[in-house]
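Below is one structure, written out as structure tokens; the observations come after it.
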Amino acid sequence: MSHICVRATVSGRVQGVGFRFHTAHEGLRLSLTGFAKNESDGTVTVLMCGEENNVNALLSWLEKGPPTANVTNLVHHLEDWKAIDGFSIQ
């Protein structure tokens, strides 16, 4: 399996609805590392690193997010591999 890192920006009603918590939980469930971070423009940035299939699974999950969220846009790109411990909420 190849390992990759992807940075995603999620737009919509994604702040104040538990989006980062649920994203971190889902990332850990998929054995990924990274973080979920609120941005000042109302988006959430997610960095996810791990097996490509699992990263793709989290990307698919991010398209909808938790039931409390309303995702309107998801943009993502590959990043250089980063050795990160755990999946944090920032």
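Laboratory data are not the source of any read-out in this text; all were calculated from the coordinates shown. Source: prediction; values computed, not measured. Heads up, the Cβs are rebuilt from the backbone with ideal geometry, glycines too, and the neighbour counts pull from every protein chain shown.
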Starting from the Cα of Asp80, step 7 Å along the direction of its Cβ; do the same at Glu52; then give the gap between the two resulting points in nm. 2.1
How big is the equivalent ellipsoid of the chain along its three axes, where each semi-axis is √(5λ) from the Cα gyration tensor, reported in whole Å from largest to smallest? 20, 12, 12
